[in-house]
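Contents: one structure, followed by commentary.
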Amino acid sequence: DGVFITLACQVYRFDLLSSTQIWHYDGGCAGGGGNTAAYGSGKLYTRNSTQTPRNTIFDSATGSQVGTFDAEFIPALSAQSSFFLTTDITGHAILNAFDLATGNPLWSHSDIIDLVTAPIVIDNAVVVGSVSGTVYAFDATTGNVIWSASAGTSVYPPDELGASRPITGLGAG
């Protein structure tokens, strides 16, 4: 759909072939850095710790703000659903699923309190790592755990600004 770039308080969309700027959002500040964005169903999900609202959803065609979301990390998006890892007031992790078209909640899983990675979607599974070193796969439709295994060591949360530890994340191929 395009090339999207997020920086401190700045979001850009460029044409995929010509690299022409299509739109630019200026959140009122500037600087280096930027967090990973996610694209799905004509929407761009961005995170920025220096602007309010912190997590913003943009219409990818126009650049207009169409909503916000609550998540610690970038969401995972499938064709039908979005998956967000949040924490409650005690710091326990909650994995939430929403219908991508309507934004309505589908399910929430809070039994595993030490989930710490941005989720990824593999087929019909949502995969998340935990500080205890266990990697979990949740059924994308029901939220039930369908698989888990030890990573052999703790899985740490990402530090996208690279100040305290390397950027980490799950990947699938």
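The values are calculated or read from the model by the stated rules, or taken from the named source; none is laboratory data. The model shown is predicted, which means the values in this text are computed figures rather than measured ones. Note that each Cβ is placed from the backbone with ideal geometry, even for glycine, and that neighbours are counted across all protein chains shown. To get the accessible areas, we keep the full protein, side chains included, count just its heavy atoms, and leave off ligands, DNA and RNA. Shrake-Rupley method; radii C 1.70, N 1.55, O 1.52, S 1.80 Å.
Tabulated values for the structure
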read-out	value
Segment 109-139 and segment 12-48: distance between their alpha carbon centers, rounded to Å	27 Å
THR102-ASN124 FRET efficiency (beta carbon distance; Förster radius 22 Å; 0.05 resolution)	0.65
With every protein chain in place, the chain: carbon and sulfur % of accessible area (1.4 Å)	53 percent
Under the Debye formula (equal points on every Cα, no solvent term), log10 I(q)/I(0) of segment 47-144 at q = 0.10, 0.12, 0.17, 0.22 Å⁻¹	-0.27, -0.38, -0.76, -1.18
Per residue solvent-accessible surface (Å²) - the chain, probe of 1.4 Å	51 Å²
Inter-probe distance in nm under a simple model that places probes 7 Å from Cα toward Cβ, at CYS29 and ILE89	2.6 nm
Descending semi-axes in Å of the chain, equivalent ellipsoid built from Cα gyration tensor	28, 18, 15
For the chain: relative contact order, % (alpha-carbon pairs under 8 angstrom, 6 or more apart)	12 percent
Rounded to 5, the percent of DSSP beta bridges in the chain classed as antiparallel	100 percent
